Amino acid sequence: MKRLNKPTARERGVAVVEFALVLPLLVLLLFGIVEFSLILYDKAIITNASREGARTGILYRYPTPTQAELQASVKDVIDQYCQNRLISLGAASSVQTTVIPGGSNPGDPLAVRVDYNYRFLVLPNFVSSLMSYSSQGLPLRAETVMRME
């Protein structure tokens, strides 16, 4: 049986240099995966929030609420849904809600739009140099249309 030789000091030095060259790319790839996952998670949260808000808005109520009351109740539901679910890690989450009523009769559409500016957490400077997004963050939007009951 042949005995394997121990690597020489020169071979170990080459391995260290190769590792030093590859490490930044691996770290960048890892943080990119984390950042992209957070963006997709926040997008799913605002999509669900728009559905919850639209569902609140289309429910039949007697007496029929005014437009201001309808918008306030939808906004409250969306804000409560997003408050503890969005991943912002200390950054103030800014969720804008727009309610577009199509009428108050059964069958009329009600559209709820949720806008959220995702602020990059892990790679803010690198991403801003590659992409031209505003200093407010990456805009995410979810819209749900449901019919009044």
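The values are calculated or read from the model by the stated rules, or taken from the named source; none is laboratory data. Computed from a predicted model, the values in this text were never measured in an experiment. Note that each Cβ is placed from the backbone with ideal geometry, even for glycine, and that neighbours are counted across all protein chains shown.
Within the range 82-97, can one find any residue that is over 18 Å from the mean Cα position of the chain (by Cα) and among the β-branched types (V, I, T)? No.
Which of the following residues is assigned to a helix (DSSP H, G or I), within 26 Å of the chain's Cα centre (by Cα) and β-branched (V, I, T): V74, V16? Lay out the reasoning, then the answer.
On the way: V16 fails: within 26 Å of the chain's Cα centre (by Cα).
Going through V74, V16 in turn, the sole match is V74.
What do you reckon, is G103 out of contact with any Asp or Glu (no Cβ under 6 Å at 6 or more places or on another chain), among the small types (G, A, S) and either under 15 Å from P139 (Cα atoms) or surrounded by fewer than 17 Cβ atoms within 10 Å (Cβ to Cβ) (or both)?
Yes; evaluated as a whole, the condition is true for this residue.
Taking residues in the range 73-98 that are closer than 14 Å to I46 by Cβ, and partners anywhere that are of a type outside the set (A, V, I, L, M, F, W, C) and at pLDDT below 90, the pairs with Cβ atoms closer than 6 Å and at least 6 places apart or on different chains are L86/S93; S94/N117. If you filter the range 45-100 down to residues that are loosely packed, with under 12 Cβ neighbours inside 10 Å and among the small types (G, A, S), you find that the one that is modelled with the highest pLDDT is A68.
All of (1) closer than 20 Å to A142 by Cβ; (2) touching a residue at least 24 places away in the same chain (Cβ under 8 Å); (3) charged (D, E, K, R); (4) out of contact with any helix residue (DSSP H, G or I) (no Cβ under 8 Å at 6 or more places or on another chain) hold for D108 with one exception: (1).
Tally time: how many residues in the range 101-145 are hydrophobic (A, V, I, L, M, F, W, C), over 16 Å from the mean Cα position of the chain (by Cα) and at pLDDT 70 or above? Break it down into steps so the answer makes sense when it comes.
If we filter the range 101-145 for residues that are hydrophobic (A, V, I, L, M, F, W, C), which is where we start, we get 110-112, 114, 120-123, 126-127, 130-131, 138, 140, 142, 145.
Next, only the ones that are over 16 Å from the mean Cα position of the chain (by Cα) stay: 110-112, 126, 130-131, 145.
The next check asks that each one be at pLDDT 70 or above; those that pass are 110-112, 145.
Total satisfying the criteria: 4.
So, A49, is that one touching a strand residue (DSSP E or B) at 6+ places or on another chain (Cβ under 6 Å), outside any loop (DSSP other than H, G, I, E, B) and within 18 Å of L138 (Cβ to Cβ) or not? Explain how you work it out, then say what you get.
Details: touching a strand residue (DSSP E or B) at 6+ places or on another chain (Cβ under 6 Å): yes; outside any loop (DSSP other than H, G, I, E, B): yes; within 18 Å of L138 (Cβ to Cβ): yes.
So A49 fits the description; yes.
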